[in-house]
Ligand code: PFF
C-alpha cells in the first residue's frame, strides 16, 4: 500500500496549480538569471549549454519525477520520509543519509544564496536613483566592486534577504506564495523578453546566438561537464529535499510526470531567455565574459542604463529578481523546518528562525570572501566558491544519485507505477530505465571524469 492516501501534517496544496506554481517558484530563481549566464560565460558557451540541456533531460527530469514521488509517498519531511520508506520496503536504514545530506546541502546553498539575493535587493535602490543611467562599463563595474568591497553593506542586504525569507516560511509555505508566483513570474518573463528585444536592436545578437549555440566540444573539460551537471540540479532545485518536501504536500490525484515536465520546461526556457538577454549586451559592450558572479549585475545594470525606459524597467527587474530568489530560498528552508516541527515538536516560527539564523551566520563567510577573507583560499577557491562548488557540483548530484537508486531499486515497482500513473507503459519503462541505469551511470561517469580517473 502506498502512503499517499494520507495527507501531510503540514497541510496540503490547495490545488494542483498551487504545487506547480510553488515548485516553479522554487526552480526559477538566481540559478537561472544569475548563475546560468555566469557559468556559461566562464566555461565557454555552446558546448557547455548543450551538456547542460542533456543533463536536464536525461538526468534532471527523471530525478525530479523520482524526488516528488518519494515526497508524496512518504508524506513527511525528507529526513523522516527517508526513515520510514526504507523500513516500509525492508531496506537498510543507511538511506537516511539522503535526508541528512539534503539538510546539510540546504544550509550551504541557502548561506550563499542569501548573499546573492542581497545583491539583487541592493540593486533596487541603485537602479531607482538613476545611478546607472547613461553610465559606461567602467562605472557599472566599479559599482559592483564597491558593493563587494564593503562587508557592512553586504551584511545589511544579506540580513534583509534572510529575514524576508524566514518571515514567509514562518507563515507557512502556501500562504501568499501562489499569488506571488502567478503574478510576478509572468512579469519577470516579460521583462527578460524586453531585454532580449533590446539586445536584438542594440546588442551583438548574432554573435550571442553563435556563442550560445555553435558548440566547440574540444574545449570542454571534465570540470566543465561536472559544473554543467551541477547547474542542472541547482536550477531544478533537485537533490536537497526541497522538491521532495513540496511533493509531500501534493494531492495524490495530481500527475507527477506532467507537473515535472511543466516545471522543468518553464525553468529551462527562462534560463535560455536570460542568456539571450545578457550575452548580446556583454558582447556588444566588450564586457569580460569570464568575470564570474558579478556578470549579470554588471551587464544588466549597464544595459538598463543605456536603454530608453531603463530606470523603470531596471527597478522593476531587480524587484522581481529578488522575489524570484525569495520563492527559491523559502523552498530551501522547508525540509529542515518541516523536520524540526515534525520530530522535535518545535513551533514553526522558532524552527524557521533557528535555521535562518544558522544559514545567515554561515553566509557571513561567503560575504567576507569578497573582501576581508579574500586571501584565504583552499585549492584556489575562496569561502563562497567552496560552499557553491561543494553543494552544487558535489552534494546535489550525489543526492540525485541516491534518489534515483532508491526509487529504481528499493521502492517496489507497483508503488512507483501506481503513483506515477504515466498511462503508458512505454513512458514508465523509459523513466525506470533512466532512474535505474542512465542517471546513476551518468553521474558516476561525470564524477570520475572530473577527478581525472577516466583519463
Ligand atoms: N533552483 C533555484 C534557482 O535556480 O535559483 C535554487 C535552488 C532552490 C537550489 C532550491 C536548490 C533547491 F533545493
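Panel order for 136, 141, by other beta carbons found within 10 Å of each beta carbon, from fewest to most: 136, 141. Region 42-58 and region 132-149 have their alpha-carbon centroids 30 Å apart.
Each Cα pair under 8 Å and six or more residues apart adds its sequence gap; the mean of these over the residue count of region 202-314 is a relative contact order of 39 percent.
Fewest neighbouring Cβ atoms within 10 Å first, the residues 52, 113 line up as 52, 113. Using only the alpha-carbon atoms, how far is helix 151-170 inclined from the longest principal axis of the chain? Give it as 0 to 90 degrees, nearest 10. Computed tilt is about 30 degrees. Over all alpha-carbon pairs in region 60-206, figure out the percentage whose distance exceeds 26 Å. So the pairs more than 26 Å apart make up 51 percent of the total in region 60-206. Using equal-weight Cα scatterers in the Debye expression, the normalised intensity of region 246-287 in log10 at q = 0.23, 0.29, 0.31 Å⁻¹ is -0.78, -0.94, -0.98.
In plain terms, the bigger the Kirkwood radius, the slower the diffusion; for region 17-61, with that radius from Cα pairs, at 4 °C and 1.567 mPa s, Stokes-Einstein puts D at 110 µm²/s. Stokes-Einstein, applied to the Kirkwood radius of region 277-403 over Cα pairs at a viscosity of 1.567 mPa s and 4 °C, places its translational diffusion at 73 µm² s⁻¹. Using the Stokes-Einstein relation with a Kirkwood hydrodynamic radius computed over Cα pairs, the translational diffusion coefficient of region 1-101 at 25 °C and a viscosity of 0.890 mPa s comes to 152 µm²/s.
Counting only alpha carbon atoms, the long axis of helix 96-128 and the longest principal axis of the chain meet at about 30°.
Taking 0.36 nm per residue of sequence separation and removing the Cα-Cα distance, the residue 347/residue 223 pair yields an extension gain of 40.3 nm.
So if R0 is 35 Å, what FRET efficiency would residue 371 and residue 171 give, r being the distance between their Cβ atoms, rounded to the nearest 0.05? Rounded to the nearest 0.05, the efficiency is 0.55. FRET efficiency for the pair residue 58 and residue 409, taken as 1/(1 + (r/R0)^6) with r the Cβ-Cβ distance and R0 = 22 Å, rounds to 0.75. How big is the Rg/Rh ratio for the chain, C-alpha atoms only, Rh by Kirkwood, two decimals? With Rg and the Kirkwood Rh in hand, the quotient comes to 0.96. Subtracting the Cα-Cα distance of residue 258 and residue 138 from their residue separation scaled by 0.36 nm leaves 38.5 nm. Subtracting the Cα-Cα distance of residue 437 and residue 207 from their residue separation scaled by 0.36 nm leaves 78.9 nm. Computed from the C-beta positions of residue 146 and residue 425, the FRET efficiency with R₀ = 56 Å rounds to 0.40.
Counting every other Cβ atom within 10 Å of each residue's Cβ, 438, 116 order from fewest to most as 438, 116. Relative to the longest principal axis of the Cα atoms of the chain, helix 396-405 runs at roughly 20 degrees. Computed per residue of the chain from DSSP H runs no shorter than four, each worth -39500 (n - 2.57), the mean residue ellipticity at 222 nm is -23000 deg cm²/dmol.
Just so you know, all these numbers are worked out from the coordinates, no wet-lab data involved. Small disclaimer: the values here were computed from a predicted structure and weren't measured. Here Cβ is always computed from backbone atoms with ideal geometry, including for glycine, and neighbour counts include all displayed protein chains.
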